[in-house]
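Take a look at the structure set out below.
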Amino acid sequence: MNLDDRRLALTEAMDTQGLWPADSEWVRRAILETVPRHQFAPDRLWRWDGTSYGPVDRAADPERWADLVYARPYDSAVTQVLDGLPSSSLSCVSVVADMLDSLVLEPGHRVLEVGAGAGWNAGLLAARAGAGRVTAVEVDESLAAAARERLDAAGLGVAVHSGDGNAGWPAAAPYDRLIATYAVDEVPWAWIEQTRPGGRIVFPWGRLGHFALTVADDGKSATGWVQGLGMFMPSRGTDQGRQHHTIRDTAAAREATAERDPRPLADPTLLFALRVSHPDIRITTDTDTGQQFTVELHDGVGSWATTTTSSTGTTTAHEGGPRHLLTEVEAGRRHWEERGSPTFWDFGMTVTPEGQHIWIGEAEAGVYVAPLPLQL
């Protein structure tokens, strides 16, 4: 199967699953016809083999390389690995399409993209906004240079700069639209400052979903709602903390109790609510072929917990470290339930120069606050 066939197969999979945005037909055209994904993929990609990331080179294994470029709608292609962890990727097509739809981009808009990566997303933006209308910033100088080369070769007229995306690019401000391709926990005020009143800002937050904010008429705040879910890499330099297996190796295990069935933790809405209420706790879930459900929790520092639930509903639990993460997560789960189990569509955010707050329902309803960790 050649690259065009793979591109068509991915496009058809998006069609079948209803993933193309109905209100932004230009997104489908740009991805399918104007800005081919493979033209922005480096010759070396990275594939997880179950224990680590290994290189897949186009020259040595063109079929596997092409499979990674044009995988399933929800699969990204890792383009860079640093210290054993992915640090840049071609984002999965479904999320790219969803975020571009959320941006409400029109021809002639001036756009800032932070996190240029391989340059593909900037190319899609330029296909809609027009040549000379898109500015992209990338913190990694080598990635910025490669993205600039690809975009120039495609004749898309994107200005690519090397710099800290969190600082934006004030030299070309103000922008009608701003989009980030990496996740932040705190929205940089520079993004609001550099976007005109009425302008729109789309960014991944908390590595679990993306928001779209509109800048107020006076430019002194930006407000909006969650637009969709998806996993995102954090901004470069973010301390991701130690991983679950590392913490588990250094913090002795003790038996613990799961107060309730952990299986509802697979609900992405509940996971999002817990990310809001307990931002320092990382939660992963998995169901194996035998229908055994596992939850792993860690705080990136020195505490961890694991629950295993059999197909019959029996749960065993263990934890280690100074914190009781299962108890904290249970408090967050009850906090969410007591507020009517809001969906992620109910969560909104307001950003001001003093900081950000997340709320449910309406901005005036108040902040969605975390229950305090229990002192045990």
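The values are calculated or read from the model by the stated rules, or taken from the named source; none is laboratory data. What you see is a predicted model, and the numbers here were worked out from it, not measured in a lab. Note that we place each Cβ from the backbone using ideal geometry, even for glycine, and neighbour counts take in every protein chain shown.
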*Just to be sure, is Ala305 among the small types (Gly, Ala, Ser) and without any contact (Cβ under 8 Å) to a residue 60 or more places away in the chain?*
yes
*asked:* Could you tell me how many of the residues in segment 12-29 are under 26 Å from Arg148 (Cα atoms) and either surrounded by fewer than 19 Cβ atoms within 10 Å (Cβ to Cβ) or not assigned by TED's automatic domain parsing to the domain that holds Asn121 (or both)?
replied: 3
_Just the residues that are aliphatic (A, V, I, L, M), buried (at least 16 other Cβ atoms within 10 Å of the Cβ) and modelled with pLDDT under 90, please, taken from segment 230-275._
Met233, Ile247, Ala251
*Having 3 or more residues that are β-branched (Val, Ile, Thr) is the bar; report the strands (runs of 3 or more DSSP E) wholly within segment 290-341 that clear it.*
304-309
*Give the residues of segment 131-155 that are over 16 Å from Arg196 (Cβ atoms), of a type in the set (A, V, I, L, M) and outside any helix (DSSP H, G or I), sorted by residue number.*
Ala131, Ala136, Val137, Val139, Ala154
*Working only within segment 1-29, note down all residues that are touching a residue at least 60 places away in the same chain (Cβ under 8 Å), outside any loop (DSSP other than H, G, I, E, B) and farther than 18 Å from Asp101 by Cβ.*
Leu3, Arg6, Arg7, Ala9
*Restricting segment 342-361 to residues that are of a type in the set (Val, Ile, Thr) and in a strand (DSSP E or B), the residue that is farthest from Val226 (Cα to Cα)*: Thr352
*Given the conditions (1) charged (D, E, K, R); (2) modelled with pLDDT of 95 or more; (3) surrounded by fewer than 16 Cβ atoms within 10 Å (Cβ to Cβ), and given that Glu362 satisfies all but one, which numbered condition is not satisfied?*
(2)
_Being farther than 19 Å from Gly163 by Cβ and surrounded by fewer than 22 Cβ atoms within 10 Å (Cβ to Cβ) is the filter here; which residues of segment 99-126 pass it?_
Asp101, Val104, Glu106, Pro107, Gly108, His109
*Any idea which residue in segment 313-359 is farthest from the chain's Cα centre (by Cα), counting only those that are of a type in the set (D, E, K, R) and surrounded by fewer than 15 Cβ atoms within 10 Å (Cβ to Cβ)?*
Glu338
